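Report on the following structure.
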Amino acid sequence: EILPGLFLGPYSSAMKSKLPILQKHGITHVICIRQNIEANFIKPNFQQLFRYLVLDIADNPVENIIRFFPMVMWFCFLSSSGKVLVHGNAGISRSAALVIAYIMETFGVKYRDAFTYVQERRFCINPNAGFVHQLQEYEAIYLAKLTIQMMSPLQLERSLSVPPGTTGSLKRMHEEDEELGTMQVAAAQNG
């Protein structure tokens, strides 16, 4: 258990023979990570008992894993009244990277801190180098998003260097730009 209600493990922890253990831990949701060639043996075993999110992700340094972070956040949010098991084949690279991203964004912590936190609870994690690089890039993305969410409208206006009271004139300028663009398109079509 990485967090209360969030578990990380290998596919063997979600096999049919493990149903009593999953039920004992109160698992209600499962994130199953696999790539297409693994689909025949890494699959949802209890679709009638648990809600599943199945993600096709190759354990390859060039795989874009960042695109899956919002889905994982959303699925974990939906399961807030239950417990989630996140597993791949070995529970070491892909699934660990997704859990690290979840912890980073949920608690506003940096990659290194989230990695250490997860590794202290599952010592064998080892996201591939490409995933590590993407997690480090993601740190700047979600921290910027968090900063913007925490700013008041006045602070946000100041940080964008928009003098107070000019939003109306900026809107008019934007509308004028759109009209000019429409006129240019019409002239090109007529001409």
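Here Lys43 is the anchor, and the lysines within straight C-alpha reach of less than 22 Å, apart from those fewer than 8 places off in the same chain, are Lys16, Lys18, Lys24, Lys83. Projecting label points 7 angstrom from Cα along Cα→Cβ for Met150 and Met15 puts them 4.5 nm apart. With an a/c value of 1.5 or above and a/b larger than b/c for the gyration tensor axes a ≥ b ≥ c computed over the alpha-carbon atoms, the stretch 1-53 is described as prolate. Partner lysines whose Cα lies under 20 Å from the Cα of Lys110, excluding those fewer than 8 positions away in the same chain, are identified as Lys145.
With 5 Å bins beginning at zero, the pair-distance distribution over Cα atoms of the stretch 6-150 amounts to 2, 10, 20, 23, 21, 13, 7, 2, 1, 0 %. The listed peptides 97-104, 37-44, 24-31, ordered by packing as a protection proxy, come out as 97-104, 24-31, 37-44 (highest mean of other Cβ atoms within 10 Å first).
Laboratory data are not the source of any read-out in this text; all were calculated from the coordinates shown. Everything quoted here is computed from the prediction, not taken from an experiment. Cβ atoms come from the backbone with ideal geometry, glycine included; neighbour counts cover every protein chain shown.
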